[in-house]
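Undergrad: This is the structure, below, for whatever I ask next.
The values are calculated or read from the model by the stated rules, or taken from the named source; none is laboratory data. These figures come from a predicted structure and were not determined experimentally. No Cβ is skipped: glycine too gets one built from the backbone with ideal geometry, and neighbour counts run over all protein chains shown. Surface accessibility is based on the protein's heavy atoms, side chains included, excluding ligands, DNA and RNA. Shrake-Rupley method; radii C 1.70, N 1.55, O 1.52, S 1.80 Å.
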Amino acid sequence: MDEWVAEFIKRLVQRMSAAESMNILKAWGFLTERELSALTVRHSKENLALQVLDICESRKATIRHAADLDIIYTHANTKKKTWDVYQMSMPPDPEMGLVDVSELKEKFKKTIHAAMKNVTIHFKDFGDALWIRIAWGNNYLKPNQYKPTFLVYHSQTPYAFISILPKAYRSLLCQALLCAAGYSQIQQMDLKCRCLESLKDIVFKRFNQPFQSYLSRSQQEIKVTPAVVDQRVTYENMKDKERINQLTRETFGDGSLPNLEFATYKLETSFKGESGISNAIEPFRCVVKFSSPHLLESIRSLGPAGISETPVSSLLSCIPHRARNIYKIAEKKPLPPTNNCPTI
């Protein structure tokens, strides 16, 4: 076994927590049941890593086995990475049949290897999700196995989820994905976070989407039926609280919301003072960032907690419906004057 493969496996095992190590090693499938049962997890991570390494050396583990273990570990710890969403469009043939997964893998590898030779590519299926691990190199350096790119693609969908993609290789990877999946265009969406499943819930519309009826009727038209248990009890602001709760339900629904950690708003507007719009050529720029362990749940609680008006601004409530948490707000540019002169 190569020394760098042994070192890579050792470091990877040391990153595992005691609670997850046995499950990951079992899912790896490289160790037998007898070898797994002989491992001692109670001692330090260093000791466990050395035990696994001894078995790998005797079994002559390769880079393919190390890459499989890395994919399984990353699949179990997706929140340790930041994921970007890419959307493909315009399939060349709308009547084209279903894409075969084995054919997709072959086309993907062929496209990348045609442009770069010093790169390793490994695949692993998790249900209907295809995980691809790419370690990039160049003409002078071997592939960097410690900073690979991870791509998650659900077959027959136009979405791909990518983590750690250097700009130098973005064009090549997108070209390989388009060729393999059978699309002709791809673009990066203004949507990213650490929770991969929440990104899937948003783009695949798997979360509870309420009917926002408050947009088409005034607040006075909402009928409230006070649930008074005892007529002798006075409920202050009961109607207003019920109105706020109803508007919140209509905006966000009652179910769980996708877990996003932040939303960013980049402002590029003219500064407006008392005398009107400034004549400065450069616009006023600033970035406003909202962050929370669970941003959408925090926004939903603003109204009932009395922190903000209800309904909250559509710039905040529309995040899951527009499938974006990165916004750029700029003033509308005036349309150029039309030339109404008759042609000669």
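Undergrad: Restricting to region 113-146, give me the number of residues that are in contact with a Leu (Cβ under 9 Å, 6 or more places away or on another chain), touching a residue at least 40 places away in the same chain (Cβ under 8 Å) and surrounded by 18 or more Cβ atoms within 10 Å (Cβ to Cβ).
TA: Result for region 113-146: 2.
Undergrad: Sticking with this one: Can you tell me which residue in region 147-181 is most open to solvent (accessible area, probe 1.4 Å), limited to those that are closer than 17 Å to LYS109 by Cα and among the polar types (S, T, N, Q)?
TA: Looking at residues that are closer than 17 Å to LYS109 by Cα and among the polar types (S, T, N, Q), I get GLN175.
Undergrad: Related question: Starting from residues that are touching a Cys at 6+ places or on another chain (Cβ under 7 Å) and not in a strand (DSSP E or B), keep the ones in region 253-269 and report whichever is least open to solvent (accessible area, probe 1.4 Å).
TA: Looking at residues that are touching a Cys at 6+ places or on another chain (Cβ under 7 Å) and not in a strand (DSSP E or B), I get LEU260.
Undergrad: If you don't mind, there's one more thing I want to ask. Tally the residues that are out of contact with any Ser or Thr (no Cβ under 9 Å at 6 or more places or on another chain) and either of a type in the set (Asp, Glu) or part of a loop (DSSP other than H, G, I, E, B) (or both), restricting the search to region 148-185.
TA: Residues flagged as out of contact with any Ser or Thr (no Cβ under 9 Å at 6 or more places or on another chain) and either of a type in the set (Asp, Glu) or part of a loop (DSSP other than H, G, I, E, B) (or both) within region 148-185 amount to 4.
Undergrad: Given (1) out of contact with any Phe, Trp or Tyr (no Cβ under 7 Å at 6 or more places or on another chain); (2) open to solvent by 30 Å² or more (accessible area, probe 1.4 Å); (3) under 30 Å from ASP128 (Cβ atoms), identify the lone condition not met by PRO91.
TA: Condition not satisfied by PRO91: (1).
Undergrad: When the residues of region 190-238 are filtered to those that are at pLDDT 80 or above and among the charged types (D, E, K, R), which remaining residue is surrounded by the fewest Cβ atoms within 10 Å (Cβ to Cβ)?
TA: Looking at the filtered set, the residue picked out is LYS205.
Undergrad: Take the residues in region 68-84 that are touching a helix residue (DSSP H, G or I) at 6+ places or on another chain (Cβ under 9 Å) and hydrophobic (A, V, I, L, M, F, W, C); name whichever of them is farthest from ILE9 (Cα to Cα).
TA: Step by step, filter region 68-84, then rank; the result is TRP83.
Undergrad: Please go through region 270-287 and pick out each residue that is in a strand (DSSP E or B), open to solvent by less than 60 Å² (accessible area, probe 1.4 Å) and at pLDDT below 75.
TA: Matches in region 270-287: GLY273, GLY276.
Undergrad: Failed condition for GLU103, given (1) surrounded by 17 or more Cβ atoms within 10 Å (Cβ to Cβ); (2) out of contact with any His (no Cβ under 8 Å at 6 or more places or on another chain), with all others met?
TA: With respect to (1) surrounded by 17 or more Cβ atoms within 10 Å (Cβ to Cβ); (2) out of contact with any His (no Cβ under 8 Å at 6 or more places or on another chain), GLU103 is out only on (1).
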